[in-house]
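Asks: Below is the structure I would like to discuss, written out as structure tokens.
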Amino acid sequence: MSLVRRRTLLKVIVLGDSGVGKTSLMNQYVHKKFSQQYKATIGADFVTKEVQIDDRIITLQIWDTAGQERFQSLGVAFYRGADCCVLVYDVNVLKSYDTLDNWREEFLKQASPSDPKTFPFVLLGNKVDIDGGNSRVVSEKKAKEWCLAKGNIPYFETSAKEDFNVDAAFLCVAKTALTNE
Ligand code: GDP
Ligand code: MG
């Protein structure tokens, strides 16, 4: 029996309106850092992080946008070969929830996965820390209904600022991405 574990590289792309916290979630997950300052770009196409799932080591290659999501023009290289698509909205901003359908459809159009019906998505409702939840406009129930309607997409409520549920969400991302191998 070989002692060398199989290594797997999985491409994950993170989509959602500008300002919802995509870059912050990735920074929190990969670098354990949060910045209040708004940075439209992280200066790299992707970051990587290794995760162990059972006896396998998975390298997640997580792709960020450099602010081009404002124009919904991310280019075909961004979408190509994605194994999982993470959709992010801000629970305090209704518009960012309303555009989820557009982002999902845009992904399916650009990435054109072999089976759109079973392609793995994960939804993150971010910034649940703000105002102790008093300024939220999208309920957990409403978000879960959307997920159910789209083929039972896994849903996590997160805070990149307080590092709430970030690891759990990306562990799920890794597991879901694996199903697309
Ligand atoms: P992106 O445009 O989707 O990449 O969003 P950013 O990660 O750049 O975040 C936009 C702004 O929201 C920045 O000022 C962040 O500091 C802030 N932000 C991101 N995530 C959170 C969060 O979970 N809670 C709070 N309170 N602020 C956040
Ligand atoms: Mg960003």
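Asks: Which ones in region 69-92 are part of a helix (DSSP H, G or I), of a type in the set (D, E, K, R) and touching a strand residue (DSSP E or B) at 6+ places or on another chain (Cβ under 9 Å)?
Replies: Step one: list which residues in region 69-92 are part of a helix (DSSP H, G or I), which gives 69-71, 76-79.
Checking the rest, the ones that are also of a type in the set (D, E, K, R) come to 69-70.
Within region 69-92, Glu69 is the sole residue that qualifies.
Asks: Looking at (1) in contact with a Lys or Arg (Cβ under 9 Å, 6 or more places away or on another chain); (2) more than 21 Å from Thr176 (Cα to Cα); (3) modelled with pLDDT of 95 or more, which one does Asp131 not meet, given that it meets all the others?
Replies: Result: Asp131 fails condition (1) only.
Asks: Right, here's the next one. Does region 39-79 hold any residues that are at pLDDT 85 or above, surrounded by fewer than 15 Cβ atoms within 10 Å (Cβ to Cβ), within 18 Å of the chain's Cα centre (by Cα) and among the acidic types (Asp, Glu), and which are they?
Replies: Scanning region 39-79 gives a single hit, Glu50.
One line per residue, one yes/no per condition, for (1) surrounded by fewer than 16 Cβ atoms within 10 Å (Cβ to Cβ); (2) within 16 Å of ligand 2 (Cβ to nearest atom); (3) outside any loop (DSSP other than H, G, I, E, B):
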position: Phe119; (1), (2), (3): no, no, no
position: Leu124; (1), (2), (3): no, yes, yes
position: Val137; (1), (2), (3): yes, no, no
position: Cys147; (1), (2), (3): no, no, yes
position: Asn152; (1), (2), (3): yes, no, no
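Asks: Also, quick follow-up: Within region 108-123, restricting attention to residues that are under 15 Å from the mean Cα position of the chain (by Cα) and touching a residue at least 60 places away in the same chain (Cβ under 8 Å), which residue is nearest to Ala177 (Cα to Cα)?
Replies: Step by step, filter region 108-123, then rank; the result is Pro120.
Asks: Still on this model: Does Ser159 fit the bill of being hydroxyl-bearing (Ser, Thr, Tyr), without any contact (Cβ under 8 Å) to a residue 40 or more places away in the chain and closer than 14 Å to Leu25 by Cβ? Reasoning before the result, please.
Replies: On the way: hydroxyl-bearing (Ser, Thr, Tyr): yes; without any contact (Cβ under 8 Å) to a residue 40 or more places away in the chain: yes; closer than 14 Å to Leu25 by Cβ: yes.
When the stated conditions are applied, Ser159 passes them.
The values are calculated or read from the model by the stated rules, or taken from the named source; none is laboratory data. Everything numeric in this text was worked out from a predicted model, so none of it was measured. As a convention, Cβ positions derive from the backbone with ideal geometry for all residues, glycine included, and neighbour counts pool all protein chains shown.
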